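To start, the structure itself, in structure tokens.
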């Protein structure tokens, strides 16, 4: 019996492991590396964009519990490029493994963020526009929108993947940093491109702070300034036909980021469902690395000056 | 169960992937070529306006005092932060690169600590320098302290300064 269980486990986790390994090995030698100072948020966005010419490669996992179905592991990769100091563009690809079911590719997303003001203000707005091409089996729960509830995810992958969604998602990222604290609020509006589908609404809010506000003179892995801790809360707000909190799900998630001097950033988050419509636990982690000068490197390939 | 447009389904993945790759490629190549062209054109309209940003700091911001002035730990910590966040564009010795101007120039070295802090906080977004308010305020002052120490170093050593970054023990 045990001999059958082990290969099954390996088979289920193999695609996501390969997925992550490929992404990093492709880019590991491509560009110079810079120390990243990443926020700990996984769902919420602050107003800081990618540095111009830099590419950030990120891998994230979400383990979710599922009542009335099988637990799942959603995973996605993000390729985030700083086009200018006021425009960041990003491609996502995602997949998921539902335990005792299957592993499938669930879609792709293209996201753009535009800084609206040149200088820093008390509240800094950034416009976020994303096009999603996903299927119904998408379980990364990067956004919890409209009337999304836990029971939506209980069906088998074979059933869920038949549903195809082409959605336009818009967010206004409002973020403020004061005395080391960052507070971010993201109102979200999503429209399925089918005319019959209503606008859906959601929110994400977060607060975070580094464990120390001054840098130490030495390079160190465990200096408190390398850790940023915080909390985020996110959930649905219904849709245009039934706006409000009924039949919606909400999560509260402590988050922490560890910015390593070796240029890696690790993030952890444990999201707890706040009502009966929510998954009880969404355990997330992410790994990212920033590659500076990526744009220049690609430009040289096409005749730019070395 | 939501439905999709029947005519859209067969080509959607290919079309989206192609569009994404094309847009990303154009933006990457575009920014890289722009940077190269700026270099070829003798650069320095861009750099002049980077230096001009110093003068755009409001008077109240320019007059702010550096709370870490003369703190040797702040110089070392600022050097570390400079290497981590700034050297990619401004060079390891702050002498400038194709992406960012020299910080050893008079315009920077004569600037008040408050003006340097203001530029660091607000960036020069239209010219490609991002905002650095994501670094806590004391860390930004540490960088300012380091930048100011470059002038003293170059005066006393009559040579290009090095960032006083300590190695990992």
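The values are calculated or read from the model by the stated rules, or taken from the named source; none is laboratory data. Quick caveat: nothing in here was measured; it's all calculated off a predicted structure. Positions of Cβ are generated from backbone atoms using ideal geometry, with glycine treated the same way; all protein chains shown enter the neighbour counts.
Below, the figures for the structure above:
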item: The lone exception for residue A:89 - which of (1) within 28 Å of residue A:149 (Cα to Cα); (2) within 9 Å of another protein chain (Cβ to nearest Cβ); (3) within 15 Å of the chain's Cα centre (by Cα) it fails; result: (1)
item: Checklist (1) surrounded by 18 or more Cβ atoms within 10 Å (Cβ to Cβ); (2) facing chain A (nearest Cβ under 8 Å); (3) at pLDDT below 90 applied to residue B:163, failing item; result: (2)
item: Considering residues of segment A:64-86 that are more than 13 Å from the chain's Cα centre (by Cα) and in a strand (DSSP E or B) only, the residue nearest to the other protein chains (Cβ to nearest Cβ); result: A:83
item: Hits in segment B:99-123 - residues which are over 19 Å from residue A:37 (Cα atoms) and within 8 Å of another protein chain (Cβ to nearest Cβ); result: B:99
item: Hits in segment A:109-119 - residues which are surrounded by fewer than 19 Cβ atoms within 10 Å (Cβ to Cβ) and in a strand (DSSP E or B); result: A:112, A:114
item: Matching helices (runs of 4 or more DSSP H) fully within segment B:77-140 where at least 3 residues are in contact with a helix residue (DSSP H, G or I) (Cβ under 7 Å, 6 or more places away or on another chain) and buried (at least 22 other Cβ atoms within 10 Å of the Cβ); result: B:113-122
item: Matching option when the condition is within 8 Å of another protein chain (Cβ to nearest Cβ), in contact with a strand residue (DSSP E or B) (Cβ under 7 Å, 6 or more places away or on another chain) and closer than 21 Å to residue B:87 by Cα, among A:290, A:225; result: A:225
item: Matching strands (runs of 3 or more DSSP E) fully within segment A:120-199 where at least 3 residues are more than 13 Å from every other protein chain (Cβ to nearest Cβ) and under 23 Å from residue A:242 (Cβ atoms); result: A:164-178, A:181-192
item: Test: residue in segment A:252-259 that is within 14 Å of another protein chain (Cβ to nearest Cβ), under 21 Å from the mean Cα position of the chain (by Cα), at pLDDT 95 or above and closer than 25 Å to residue A:65 by Cα; result: yes
item: Test: residue in segment A:190-201 that is under 30 Å from residue B:134 (Cβ atoms) and modelled with pLDDT of 95 or more; result: yes
